[in-house]
Every structure is written in structure tokens, then in C-alpha cells.
Amino acid sequence: MKGPRFSLRTKLVLSTLLIITLLGVLSLFFGFRLIRDTLVSQAQAKVRHDLSSAWMVFNERLNTIRDVVRMTAARESLRDLVQTRQVDILLRYLARVRSENGLDTLTLHDQHGRVLLRTRSPQNSGDDESGDAFVRLGLDRKVVAAPQILPREELLKEGERLAAQAYMDYIPTPRAAPHAESRETAGMMLKAVAPILDEDGRVLGILTGGILLNRNYDIVDRVKGIVFRDERYRGRETGTATIFQNDLRISTNVRNEHGERAVGTLLMAEVKTAVLDEGRPWVDRAFVVNDWYITAYEPIRDIDNRIVGILYVGTLERPYIDAANRVVRTFTLAAVLCVGLLLVILSFSTARIVRPLQKMVVATREIARGDLSHKVEVNSRDEIGTLADSFNRMTDHLREANEKLLDWGKTLERKVEDRTQELRQVQSHLIQSEKLASIGKLAAGIAHEINNPLAGVLIYSHLLLEDTPAGHAHQENLKKIVRETTRCKDIVKGLLDFARPKEPQAAPTDVHDLLDRCLSFTERQALFQNIRVERAYALDLPRIVADGGQLQQVFMNIIFNAAEAMEGSGTLTLRTAADATRGGISVEIIDTGHGIRDEDKKRLFEPFFTTKDVGCGTGLGLAISYGIIQKHGGTIEVRSEVGRGTTFTIRLPQEGRSS
Ligand SMILES: Nc1ncnc2c1ncn2[C@@H]1O[C@H](COP(=O)(O)OP(=O)(O)OP(=O)(O)O)[C@@H](O)[C@H]1O
Ligand SMILES: [Mg+2]
């Protein structure tokens with residue numbers, strides 16, 4: 001089965017296009033991935049760097065708290081006030097330090113870790129905090145600062161407001177890990193401790209201070225301000241920073257769908273596992289609240305190196321994806337334009353290639369239809385040009401061969417016609433000859449047998465007639481016997497002449513003389529009295545070699561037949577001509593008689609064929625004439641039209657065969 005019918009040109013264009021489109025799609029696919037990966041990995045490197053900046057801000061804040069606590073604890077005035085337990089003055093002094101430095105808590109402990117003074121809620125003093133890790137370090141003369149998770153009861157000691165600032169209901173967050181509880185009551189503090197020493201270096205007490213990070217956006221906004229400034233994408237802030245208390249957003253500038261800070265939302269489950277459970281940093285894309293970000297997370301550890309939270313920075317992924325998409329769109333557009341351009345170029349170039357082939361197709365059709373003169377006009381010098389040349393040469397040869405074949409066919413036809421004609425003539429002559437010969441034999445046999453008795457009858461009837469006196473009753477009957485017997489003898493002689501024709505005694509003969517002799521003989525005949533004779537003799541008629549007596553017999557017979565056909569009146573024309581092509585002569589004997597019917601024409605030369613009444617003709621005249629002319633190597637033909645006349649044409653060679 002053949003496939004669908006596409007032109008060569010379409011196939012060329014389609015296959016090239018297919019390859020290019022396939023390559024284009026593949027390179028687009030891999031190009032897109034490469035571009036996106038490159039952009040994203042660049043963004044990740046930046047975010048990793050941004051996280052270091054965030055840590056700097058975070059630690060700077062921690063150091064600031066530590067410095068404030070340390071420097072305040074080192075004040076001589078404070079030492080004196082502690083030694084002298086001037087609580088009121090201490091309260092005023094430390095309250096001022098707390099508010100000037102933006103601390104949430106600033107608490108004074110004695111040398112045993114008991115709270116001397118809570119500057120935020122002085123009424124809640126006197127409790128023992130010696131179990132607190134910071135207090136113990138302070139009592140141990142250490143100056144440290146670190147994040148610390150404070151349970152609600154600890155926060156409540158500092159006042160209701162601080163506990164309320166820390167309190168958060170969990171907000172259901174997509175992709176976050178599920179929680180058994182529904183709220184967080186503890187808070188995360190950046191806390192510092194420093195000892196208060198006397199001149200001898202003995203611990204008089206310790207000072208702790210800190211800020212609660214829950215709902216305190218100082219750090220995250222500073223990070224955003226430093227790292228991302230005010231970058232926006234489609235109205236949204238791209239850069240974000242967050243502090244997590246465990247997996248809870250307690251301080252962030254990530255916004256929820258209402259544009260509010262998304263505090264209370266939870267960390268993505270995968271990130272939680274990596275960072276909180278396994279302590280690994282996470283630098284990858286992550287789902288943050290409601291969108292994908294390129295993110296960096298690192299654990300926040302407390303003073304005992306326990307992971308208590310996470311510091312995060314991240315930037316919206318969308319701008320990078322969009323940038324990659326833009327590049328791909330531009331690239332695709334360029335590719336489509338290129339393919340379009342290519343299509344135009346291809347259609348031109350393939351047209352150039354295919355046009356000569358189309359011409360050849362047309363040419364083959366023309367040739368198949370029989371037009372061998374058709375030529376392919378191709379001027380290119382490539383393989384197609386060579387093909388066209390060969391093709392043209394081939395058709396030339398084909399045309400020549402065809403012409404020869406046609407000529408040969410025509411010649412053959414002509415030859416076959418000629419031969420058939422000749423064969424027909426030979427056949428009819430043969431039939432005629434055979435017929436004549438067989439009849440001749442029969443006739444000769446009979447004639448021979450009859451001839452002698454007939455001679456006897458004639459002699460005796462003559463003798464009887466001579467012996468019979470004039471006026472005798474038998475005389476008339478005897479005369480009839482003699483006349484009829486003589487007629488029989490003539491017939492028998494004719495038969496013998498026909499059956500055993502004599503060989504012509506050839507001699508140079510003037511045919512005009514012979515014809516004239518025949519005419520002079522007819523002048524005396526009553527039959528010719530009203531017949532006009534026309535002689536149309538050729539001037540330069542050559543003499544021929546023939547038997548004059550026999551020819552005269554032929555002419556006489558035909559002339560008499562003509563006269564009989566004209567029934568005593570009409571025109572008899574004798575025309576002679578030299579036969580230039582065969583080098584002989586022709587004699588035409590033309591009458592204006594009643595003519596011969598077609599069915600009689602065929603039998604004209606048969607012996608005993610006659611239309612004349614019994615006793616008027618034997619029907620041997622033309623049969624004998626035929627034999628004579630044949631012996632002379634000539635031909636005898638008849639043309640006749642009923643009611644108009646007949647023409648006998650006798651053609652004789654210059655020299656007869658028998659001469
Ligand atoms: N010029 C002619 N016009 C019409 N009929 C002709 C003519 N010549 C010959 N014939 C016909 O051909 C027949 C045969 O002629 P053919 O000369 O052989 O015999 P015949 O004339 O009948 O007898 P015979 O010649 O023996 O006396 C004639 O009987 C006649 O019918
Ligand atoms: Mg006759």
C-alpha cells in the first residue's frame with residue numbers, strides 16, 4: 001500500500017521542520033531547566049549570604065543587651081547601692097537604664113540568686129532564681145548573652161503584658177507539621193547576665209536583662225532593611241526574615257493574605273524535620289505561609305546549646321521563575337521566528353531543487369502521452385542537470401528509433417500491399433491459365449476426334465453436291481450440310497488454336513500497320529457502315545518484336561466484339577501509346593457500346609463464354625486473344641460501364657518473351 005500522497009517538496013520541508021522543531025523543543029526544555037536552576041542557585045547563594053547578615057543583626061542585638069547588662073553591672077554606683085540595699089534608688093536607676101536601652105526586663109539578684117528587684121514589676125521580687133542557668137553563670141562571675149525560652153509563669157512574674165505579648169494561638173498553616181497543642185504560652189528572650197562584684201571581686205549580686213522576641217519586629221525588620229531594603233514584586237515584599245520559637249513564627253515580616261504579619265503560623269514540615277530535629281541548616285526552596293520562597297534556615301540555640309528556634313531569611317521564588325519564564329518566552333518567540341524564517345528559506349530552496357524534477361515529471365507525462373519531441377529545460381549543473389541531459393538524450397534516441405520504426409512500418413505496409421497485389425495477379429493468372437489449360441486439353445481431345453469424321457462429312461457432302469443436278473430437290477439441303485459442316489470445322493479449328501496455340505513467330509512489327517490492316521478489312525463489312533472510326537495513334541510509337549499475324553487476330557476479334565456491342569452505330573477509337581516506364585507499347589480499343597455487366601467481366605476470358613445467340617459466337621475469341629497476349633509477355637485488361645462503352649487495353653513489351 002502506498003502512503004499518503006505528499007509532494008517531494010512538502011516531504012523535504014516537513015522533515016527538516018520536524019527535526020528543527022524537535023531540537024528546538026528539547027533545547028527549550030533543557031534551556032528552561034538550566035536557566036531556572038542557575039537563577040535559583042544564584043538566589044540560594046544570595047539567601048545564604050543574607051542569612052549571615054541576619055545572624056549579624058541578631059548577634060549584634062544580643063551583644064548590645066549583654067553590653068548594657070555588663071556595663072550597668074560594672075557601675076560603681078550600682079555596686080554601692082546594692083551593698084547598701086537602697087532599693088528605691090536602685091529601682092529608679094535601673095528602670096531608667098531599662099527604658100533607655102529598650103529592654104523588656106532588667107532584674108537584680110542578690111549573691112544567692114534571689115531576686116532583689118524586678119524593674120518591670122517590682123512588686124514581684126524576692127523569689128529564688130538560683131536554679132536558672134543564667135543566674136548560675138552570673139553567680140559564677142560569667143558575662144553571657146543567649147536566647148532563652150521562658151515559660152508563661154516566668155513571664156507572668158514580669159507582668160501580664162509580657163505574658164500576653166508571648167501568647168499565641170497556632171494558626172493553621174498549609175504544609176506545616178501537625179501540633180497536639182493549639183497555642184504557645186512560653187516566650188523567647190534574648191537574655192544577658194553579668195555579675196556585680198565588690199572591690200575584692202566578690203559577688204554582690206547579678207544583673208540580668210533581656211528583650212522578648214515574640215511580636216518584637218526590631219530584628220527582622222532591620223534584617224529586611226539591610227538585606228532586602230524595600231524590594232517589591234507585583235506589590236509584594238520579596239525579602240522576608242523570621243524568628244521562630246521552635247516551629248512557631250513569633251517575629252516575622254512575612255505577610256498573610258490580609259497583609260498582616262504572619263505571627264502564629266507554623267514552619268513547613270520538611271524544614272522542621274531538617275532544622276529542628278536534625279539541627280541541619282536548610283538552604284532550598286520552601287513553602288512559607290502561602291507561597292514558595294527561596295529560603296535559608298538555621299537553628300537558634302540556647303545557652304545549653306539546645307535548639308530553641310530558627311532564624312530564617314527568604315526571598316519570593318516567583319520573580320526568579322517569572323524571569324526564567326520570560327527568558328524562555330523570548331527564546332521561544334525567537335525560535336518560532338527562526339522556524340518561520342527557515343520555512344520561507346526552505347520553501348524557496350526546495351522549490352529550486354524540486355522545480356527541475358517537476359519539469360521532468362511533466363516531460364515524462366508528455367512522453368508517455370506520445371510527444372517524444374518534449375524537452376526538459378534544466379540549466380543547473382548538479383546531478384539533476386545531468387539527469388535532465390541524459391533524459392533529453394534518451395528521448396532523442398527514442399524519437400529517432402520511433403521514427404525509423406514508423407518508416408519501416410510504412411515501407412513494410414507498402415511492400416506487403418505490392419506483394420499482395422502481385423500475388424493476387426499471379427493467382428488470378430494461374431487460375432485463368434489452369435482453367436484454360438484444362439478446358440484446352442478437353443477441347444483439343446474432342447476437336448481431334450471430331451476433326452477427321454468432320455473432314456469426311458465435308459468431302460462427301462461436297463461430292464454429293466457436285467453430283468446433284470441443279471434444281472434438284474436435295475441441292476438446298478446439301479448446301480446447308482456443307483455450310484453447317486464448314487462452321488463446325490471452323491469451330492474445331494478455333495478450339496485447336498485455343499488448345500494448342502502456336503508459338504508466336506516474332507519479328508519487328510509496326511502495330512499501326514496491323515491496326516490499319518484490320519480497319520481496311522472492316523470497311524467492307526455491313527456491320528461497320530455506321531460506325532465512326534477514330535485513330536488516336538502515338539507519333540513516336542516504337543516497333544515491337546511480335547507475331548504480327550497473331551496480334552492481328554487479337555485486334556480483329558476485339559474490334560468485331562466492339563462493333564457488335566455498338567450494334568452497328570457508334571464511335572470506335574483506337575489509341576496507341578509508348579509505355580515509357582516499361583519500355584513497350586499500349587493499345588486501347590474503345591467503343592461506345594452497351595458495356596459489360598460486372599458479373600460477366602469475371603468470365604470474359606473463359607472459353608465458350610458468350611452472350612451472343614447460338615450460332616452467332618463461339619465465345620472463344622477473347623480466350624484465344626488472352627493466350628496470344630500472354631505468350632507475348634503482355635497483358636490484357638478491360639474497363640467497362642454498362643450503357644456507356646468498353647475499353648480494352650493491351651500492353652505489350654518491346655520484345656516479347658518468346659522472341
Ligand atoms: N466490346 C464489347 N462490348 C460488350 N460485350 C463484349 C465486348 N467484347 C466482348 N464482349 C462480350 O464478351 C463475350 C465473349 O466474347 P468473345 O469474343 O470471346 O466471344 P464471341 O464474340 O461471343 O464469339 P466469337 O468471338 O467466338 O465469335 C461476348 O459474347 C460479349 O458478350
Ligand atoms: Mg468475338
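The values are calculated or read from the model by the stated rules, or taken from the named source; none is laboratory data. These figures come from a predicted structure and were not determined experimentally. So basically every Cβ, Gly included, is an ideal-geometry build from the backbone, and we count neighbours across all protein chains shown. For the accessible areas, the whole protein counts, side chains as well, though only heavy atoms, and no ligand, DNA or RNA atoms are used. Shrake-Rupley method; radii C 1.70, N 1.55, O 1.52, S 1.80 Å.
Relative contact order for segment 535-659: what is it in percent, counting Cα pairs under 8 Å that are at least 6 residues apart?
30
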Per DSSP H run of n ≥ 4, the term is -39500 (n - 2.57); total these for the chain, divide by its residue number, and report the mean residue ellipticity at 222 nm rounded to 500 deg cm²/dmol. -17500 deg cm²/dmol
Are there GluC sites (Glu not before Pro) in segment 506-599 that DSSP puts in a loop and that have at most 12 other Cβ atoms within 10 Å, and which ones? 567
Inter-site label distance for residue 422 and residue 180 at 7 Å from Cα along Cβ, in nm: 13.3
Segment 398-412 versus segment 420-490: alpha-carbon centroid distance in Å: 62
Mind computing the radius of gyration and Dmax over the alpha-carbon atoms of the chain? Å is fine for both. 75.2, 233
What nm distance separates the two modelled labels at residue 537 and residue 133, each placed 7 Å from Cα along Cα→Cβ? 17.0
What length, rounded to one decimal in nm, is gained on full extension from residue 230 through to residue 400, with 0.36 nm per residue of separation minus their alpha-carbon distance? 51.9 nm
Given the chain, what percent of its DSSP beta bridges are antiparallel, to the nearest 5? 90
Percent accessible area from carbon and sulfur atoms, segment 597-659, protein chains only, probe 1.4 Å: 45
Charge-dipole axis of segment 323-434 as Lys and Arg at +1 and Asp and Glu at -1 on Cβ define it, positive-most pick from 361, 334, 373: 334
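Send over a whole-number figure in Å² for the accessible area per residue of the chain, probe 1.4 Å. Don't skip to the answer; put the middle values down first.
Details: 36970 Å² over 659 residues.
Accessible area per residue, the chain: 56 Å².
Is segment 74-152 best put as rounded, prolate or oblate by its Cα gyration tensor, with a ≥ b ≥ c the root eigenvalues, rounded for a/c under 1.5, and otherwise prolate when a/b is larger than b/c, oblate when not? Don't skip to the end; give the middle numbers.
Numbers: a/c = 1.40, a/b = 1.23, b/c = 1.14.
Verdict is rounded for segment 74-152.
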Charge context of residue 12, other residues only, Cβ under 14 angstrom, K/R +1, D/E -1: +4
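Net charge within 13 Å of residue 107 by Cβ-Cβ distance, Lys/Arg positive one each and Asp/Glu negative one each, not counting residue 107 itself? All intermediate terms of the calculation are to be shown ahead of the outcome.
Working: positive: 98, 114, 118, 120, 157, 191; negative: 104, 110, 127, 128, 129, 132, 154, 158.
Charge balance in the 13 Å sphere: -2.
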Shape verdict for segment 64-120, please, from the Cα gyration tensor: rounded (a/c under 1.5), prolate (a/b greater than b/c) or oblate. rounded
Two-site FRET efficiency, residue 77 against residue 326, from Cβ-Cβ distance with R₀ of 51 Å, rounded to 0.05: 0.20
Which residues' amide hydrogens lie under 5 Å from the amide hydrogen of residue 546, considering only partners 5 or more residues apart or on another chain, with H built in the peptide plane? 507, 509
If I take R0 = 25 Å and measure r between the Cβ atoms of residue 380 and residue 21 in this structure, what FRET efficiency does the formula 1/(1 + (r/R0)^6) give, to the nearest 0.05? 0.25
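Assign one of three labels to segment 358-404, namely rounded, prolate or oblate, based on the Cα gyration tensor with a ≥ b ≥ c the square roots of its eigenvalues; rounded applies when a/c is under 1.5, prolate when it is not and a/b is larger than b/c, and oblate otherwise. Each step should come with its number before you reach the end.
Values: a/c = 3.09, a/b = 1.60, b/c = 1.93.
The shape class here is oblate.
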Suppose a student asked you for the relative contact order of the chain, using Cα pairs under 8 Å spaced at least 6 residues apart; what percent would you report? 9
Accessible surface of segment 342-491, 1.4 Å probe, proportion on carbon and sulfur as whole %: 59
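For residue 363, what is the net charge nearby, where nearby means another residue's Cβ is under 11 Å from its Cβ and Lys, Arg count +1, Asp, Glu -1?
Values: positive: 359, 365, 369, 375; negative: 366, 371, 377.
Net of charged neighbours comes to +1.
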For segment 1-152, the accessible surface attributable to carbon and sulfur atoms (probe 1.4 angstrom, ligands and nucleic acids excluded) amounts in percent to 58
List the residues whose amide H sits under 5 Å from the amide H of residue 537, counting only those 5 or more places along or on another chain, with H placed 1.01 Å from N in the peptide plane. 576
Using amide H atoms built 1.01 Å from N in the peptide plane, name the residues 5+ places from residue 184, or on other chains, whose amide H lies under 5 Å from its own. 168, 169, 170
Can you return the lysines within cross-link range of residue 602? Criterion is Cα-Cα under 30 Å, with same-chain partners fewer than 8 residues away left out. 415, 435, 441, 489, 493, 502, 612, 631
Going 7 Å from the Cα of residue 237 along its beta-carbon direction, which residues of segment 176-218 have the amide nitrogen within less than 14 Å of the resulting point? 215-218
